Amino acid sequence: MSKPSDLVQGTLDLLLLKILTLEPLHGFAISVRLKQVSGDILQVSDGSLYPALHKLEQEGWIKSEWKPSENNRRAKFYSLTRLGRRHLEREADNWNRLSAAISHVIKLEEA
Amino acid sequence: MRFERWLYSIPLRLRSLFRREAVERELDDELQFHLEQKTQQYLAAGLSAEETRRKALRDIEGLELRKEECRDARGVSRLEDFVRDLRFAVRTLRKAPGFTLTAVVTLALGIGANAAIFSVVNAVLLRSLPFPNSEQLFTLSSNQSLPDLEDIQKRTNSLSAIGGITVQALALTGEGEPVQISAGQCNADLFSALGFQTAIGRTFTAAEDSYGGPALVVLTNGFWIRFFGADSAIVGKSIRLSGNSYTIIGVLPREFWLPGRPVDVLVSLRVTNPLAAKFRGVHFLKTYFRAKTGIPLAQARVEMQDVDQWLASQYPEEDRDFHRRLLPLRDAIVGDVRPELLVLFAAVGLVLLIACVNFASLQLARSATRQREIAIRAALGAPSGRLIRQMLTESVLLSLLGGAAGLVLAGLGVRLLMELKPAGLPRIANTSIDASVLGFTFAVSLLTGIVFGLVPALSTTFFGLNAKLKEDTRTTAGGSTGYRLRKLLAVSEIALALVLLISAGLMIRSFTLLHRVDPGFRTDNLLTMRVELPEARYREQAKQRQFHREFLEGLNAIPGVQAALVSELPMSGDYITHNFVIEGRPPLAAGSEPEVQTRTVEGDYFSVMGIPLLAGRDFGSEDRTGSLHVVVVNRAFVAQYFPGQDLVGARVQWARSKPPDWMTIVGVVGDIKHFGPGKPEEPAIYDLYSQTAQQWKRWMYPTIRGAASPGILLGQVKQRLWAIDNQLPVTQVFTMNEVVAASLDHQRFNLTLLGIFAGVALALAVVGIYGVMSYAITQRTSEIGIRVALGAQQRDVLWLILGQGLRLALVGGSLGIAASFALTRYMSHLLYGISPRDPQTFFAIPFVLLAVALLACYVPARRAARVDPIVALRYE
């Protein structure tokens with residue numbers, strides 16, 4: 001069971017937004033997709049998923065819509081807003097810079 | 001960016017708030033859907049049915065907790081908490097109507113009084129002047145003459161318009177009784193300086209504002225409505241003012257306003273009064289300077305200083321020692337009253353403080369009775385932050401209710417203030433409850449609720465809880481923190497109330513002293529009024545003198561009446577000064593001769609007024625036009641210019657009289673309180689209308705002593721007057737006692753307000769003491785029961801309680817005396833005849849407070865004394 005603290009603070013938002021760039025998904029599908037895409041490494045706990053989604057919605061980065069799911073049940077689908085897309089771009093840039101810097105530092109020590 | 005975020009978040013938030021059930025249901029559905037999916041996943045992985053459900057639930061780590069987190073993420077719970085707190089507060093307050101009413105009334109008194117005074121402060125001091133870009137408006141501390149203004153205009157660059165105006169009475173004749181109206185005689189530039197256009201028609205142009213120009217008049221809005229019924233076709237019609245016909249060319253907008261006496265019409269000074277307009281030495285114009293946009297005051301001041309020096313060197317006789325210095329117009333208008341309004345504001349602030357202390361004390365008392373409830377809630381896990389928030393909600397609700405009630409009181413208060421008509425306060429007529437008053441009241445209420453709700457809330461949660469649990473087994477005297485705090489509050493209330501009582505006491509003492517002041521003349525049975533002779537028909541002095549003679553003859557022919565004329569009525573606010581020189585004294589530089597009050601009389605003025613003759617002789621029938629020019633001086637004149645010398649026979653004349661016009665002093669009369677009961681008399685010279693060379697002194701106040709009622713007397717006076725000239729209006733009809741009373745209006749205004757504040761403060765303090773003592777007694781009931789059971793008499797119990805109250809009153813009283821001692825000096829400018837540390841007041845007032853405080857203790861003390869020991873001991 002991976003705790004939310006396993007993820008660097010704020011990266012959960014980034015991951016969720018990124019997952020939603022492809023297509024609107026409901027909560028369960030998001031957690032499944034995240035696990036798949038990260039090759040089973042990253043996993044968000046069921047407990048922290050929904051509060052995080054609600055927070056993103058409140059920020060205006062994603063919006064929700066009730067639609068029939070793949071097995072024809074009503075489910076709440078989240079999709080990215082324009083605002084969210086912009087936020088994601090900015091945050092992804094930040095992340096790339098940060099991770100590049102960190103791996104640079106780590107390689108330096110190995111050398 | 002921010003806006004776009006709101007586009008998403010605001011509808012969401014509103015939905016969470018107002019469609020709570022739908023949102024909750026969706027949240028539930030969403031999580032249920034998740035659980036189902038998860039269950040199916042586990043089923044597919046081959047787990048048993050009941051185990052999958054349990055595992056899915058475990059994964060989510062507490063369904064309800066997650067829901068709460070989702071609500072938090074939506075930012076709903078905080079608001080919901082607030083709504084819940086509010087509902088709870090409304091419910092609990094409804095259950096305690098006595099407490100609620102007391103708290104709301106207490107706060108309403110404090111806040112209402114503050115809002116009322118603030119609306120005055122706002123109207124007088126804070127609101128900007130009703131002129132466009134009024135920050136660009138300046139004035140000079142002294143009046144100017146028109147030639148001076150013309151020079152200032154020529155020699156400065158930083159000013160865009162220079163207006164000058166003097167207000168004179170003109171007679172409006174036509175139909176019915178002649179009416180006196182006040183005419184502003186101004187230059188054309190005044191309108192652009194003040195920044196006003198006309199509502200109808202136009203103002204006069206610079207070309208028309210010239211010597212010998214057309215007689216045009218601009219009406220103010222009020223005058224247009226009063227006299228012409230707001231006739232929109234008024235332009236082009238004409239009116240007769242003091243015998244001349246004027247064509248109406250425009251009407252000013254309602255917003256037009258001038259500091260000082262209200263104006264009915266505006267005419268060109270150059271056209272109406274060419275003689276005075278040309279005279280550089282007569283500085284009679286109030287000035288309004290508009291600086292060009294972007295010009296700082298400092299730069300304009302430098303220019304003005306240069307002009308001032310130039311004028312002084314160019315025209316030493318007329319323009320020396322004027323020290324022309326530009327002042328922001330607002331400072332010039334309200335500068336004088338600022339300190340005294342601030343005293344009132346401080347006083348009313350103290351009232352609010354007392355009200356707040358009372359409020360805090362009430363809440364403390366209440367929280368004491370609720371401690372069990374609060375302790376239980378805390379024990380059940382309510383975080384103290386939530387408890388404090390809930391208590392604050394209650395307190396703020398109360399203070400806002402108090403503020404709303406206070407606003408109603410303030411509305412009444414403002415009406416009362418207007419009834420008191422403090423004539424000396426400029427702009428007070430604009431006082432109203434406007435947006436800034438509302439804002440002020442709201443802010444004060446909110447602050448009151450938070451600050452004075454925090455004290456009891458904190459004392460309950462932080463200090464109270466543990467103590468409460470330990471304490472509850474036995475109630476002991478003075479044991480709880482709450483009680484100690486309440487004693488402290490009561491002491492500070494007494495101290496604050498004493499400061500206000502002493503201030504009011506000082507005002508009352510100085511007011512009675514003012515009333516007892518001997519004005520130097522007899523004020524009873526004396527009717528006064530003002531009559532002005534229009535220039536058109538009375539330019540020649542021979543005509544004026546003939547009028548004086550006939551008028552006085554007519555008045556004195558009324559049975560039982562003695563009458564005389566004077567140019568400046570005592571205590572009316574009018575005065576005129578002249579530079580003068582004394583024969584045989586070393587000559588002084590032109591312009592720097594001493595100034596003296598000048599009053600012109602006719603008839604037996606001194607005996608009509610009852611002003612005693614101290615030396616020499618009174619004016620007599622031998623003093624006529626053409627005979628030796630004689631004057632009478634007052635005692636202050638002798639004291640200043642002829643101390644210890646015999647001056648009868650000495651000669652004086654107005655400075656720079658051409659040809660020389662020496663006036664022989666023939667007598668000395670007593671000083672009168674010309675400037676009001678509180679002000680000292682200045683050196684004065686009295687001369688005669690029949691001998692003065694000043695043909696411009698065409699106004700007079702008949703002073704008429706007669707036993708008949710003023711109404712009957714006035715009728716007789718008008719009859720005699722209009723028998724001579726039926727075109728002359730009679731204005732400012734007052735008995736002398738009314739004039740004296742009006743001269744004290746200002747003091748009466750301050751006194752009344754401080755008196756009311758002190759009364760409210762005393763009442764609040766009494767409520768405070770009473771509350772604390774009642775509480776103390778309920779706390780000591782069992783102790784009293786034991787005492788009585790052990791043989792204490794009713795009297796002993798009574799004294800026990802009274803002694804406790806007395807201690808509070810003594811401590812509070814001493815603090816109050818000390819505070820007053822430090823503070824009352826700030827009101828010294830409001831006092832007359834006593835020091836701000838007047839020992840009598842400081843001695844007497846605390847006894848009043850002590851007596852009232854003891855009375856407030858007596859009621860609960862008696863109740864305690866009657867306690868039945870059996871009941872008391874059971875009381876737990």
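Computed from the coordinates by the stated procedures, all read-outs in this text should not be read as laboratory data. Predicted, not measured: the structure shown is a model, and the values here were computed from it. Here Cβ is always computed from backbone atoms with ideal geometry, including for glycine, and neighbour counts include all displayed protein chains.
A few remarks follow.
- Here B:Trp257, B:Trp6, A:Trp61 are placed in order of increasing Cβ neighbour count within 10 Å, fewest first, which gives B:Trp6, B:Trp257, A:Trp61.
- Positive-end extreme of charge dipole, segment B:534-727 - chosen from B:Ser627, B:Ala650, B:Ala564 (charges on Cβ): B:Ala564
- Acute angle (nearest 10 degrees) that the helix B:839-865 long axis makes with the longest principal axis of chain B, alpha-carbon atoms: 30 degrees
- Given charges at beta-carbon only (K, R positive; D, E negative), |dipole| of segment A:4-110 in Debye: 480 debye
- Under the simplified labelling scheme, the A:Leu98-B:Arg386 pair shows an inter-label distance of 3.3 nm, with each label point 7 Å from Cα along Cα→Cβ.
- Highest mean packing first, where packing is the average number of other Cβ atoms within 10 Å per residue, the peptides A:37-45, B:407-415, B:312-320 line up as B:407-415, B:312-320, A:37-45.
- When both bridge partners sit in segment B:142-324, DSSP labels roughly 75% of those beta bridges antiparallel.
- Average beta-carbon neighbours from other chains, 10 Å sphere, peptide A:56-65: 4
- Legend: ranking of residues B:Cys186, B:Cys70 from fewest to most surrounding C-beta atoms inside 10 Å; resulting order B:Cys70, B:Cys186.
- Applying 1/(1 + (r/R0)^6) with R0 = 30 Å to the Cβ-Cβ distance of B:Asp745 and B:Arg202 gives a FRET efficiency near 0.15.
- In segment B:529-559, the trypsin sites (Lys or Arg not before Pro) that fall in loop regions by DSSP, at most 16 other Cβ within 10 Å: B:Arg539
- The calculated Kirkwood hydrodynamic radius for segment B:534-727 is 17.7 Å, given to one decimal from all distinct C-alpha pairs.
- Computed over the protein assembly as shown, the per-residue total of -39500 (n - 2.57) for DSSP H runs of n ≥ 4 gives a 222 nm mean residue ellipticity of -18000 deg cm²/dmol, rounded to 500.
- Neighbour counts of other Cβ atoms within 10 Å put A:Asp93, B:Asp264 in the fewest-to-most order A:Asp93, B:Asp264.
- Distribution of pairwise C-alpha distances over segment B:2-75, 10 Å bins, in %: 18, 37, 25, 15, 5, 0
- When each of the peptides B:228-241, B:390-403, B:671-684 is scored by the mean number of other C-beta atoms lying within 10 Å of its residues, the order from highest to lowest reads B:390-403, B:671-684, B:228-241.
- Diffusion constant of the protein assembly as shown at 37 °C, which comes from Stokes-Einstein with the Kirkwood Cα-pair radius and 0.692 mPa s, µm²/s: 90 µm²/s
- Taken residue by residue and averaged, Cβ atoms of other chains lying within 10 Å of the Cβ of B:58-68 number 3.
- Net lengthening on full extension, B:Glu68/B:Asn737 (0.36 nm per residue, minus Cα-Cα): 233.1 nm
- The spacing between segment B:610-658 and segment B:324-373, judged by their C-alpha centroids, is 54 Å.
- As a rough guide to protection, the peptides B:148-158, B:566-576 ranked by mean Cβ packing within 10 Å, highest first, stand as B:566-576, B:148-158.
- Averaged over A:25-34, number of beta-carbon atoms from partner chains that fall within 10 Å: 3
- Difference of contour (0.36 nm per residue) and Cα-Cα distance, B:Arg58 to B:His515: 155.6 nm
- Global form of segment B:513-639, assessed from the alpha-carbon gyration tensor, a/c cut-off 1.5: oblate
- Coarse-grained scattering of segment A:4-110 at q = 0.22 Å⁻¹, given as base-10 log I(q)/I(0) from a Debye sum over alpha-carbon atoms: -1.26
- Folded to 0 to 90 degrees: helix B:710-724 orientation relative to chain B principal axis, Cα: 40 degrees
- Cα gyration tensor shape of segment B:102-260, rounded if a/c is under 1.5, else prolate or oblate by comparing a/b with b/c: oblate
- Angle between chain A longest axis and helix A:46-59 axis [Cα atoms, degrees, rounded to 10]: 80 degrees
- Computed log₁₀ I(q)/I(0) - Debye formula, equal Cα scatterers, no solvent, chain B, q 0.06, 0.07 Å⁻¹: -0.63, -0.78
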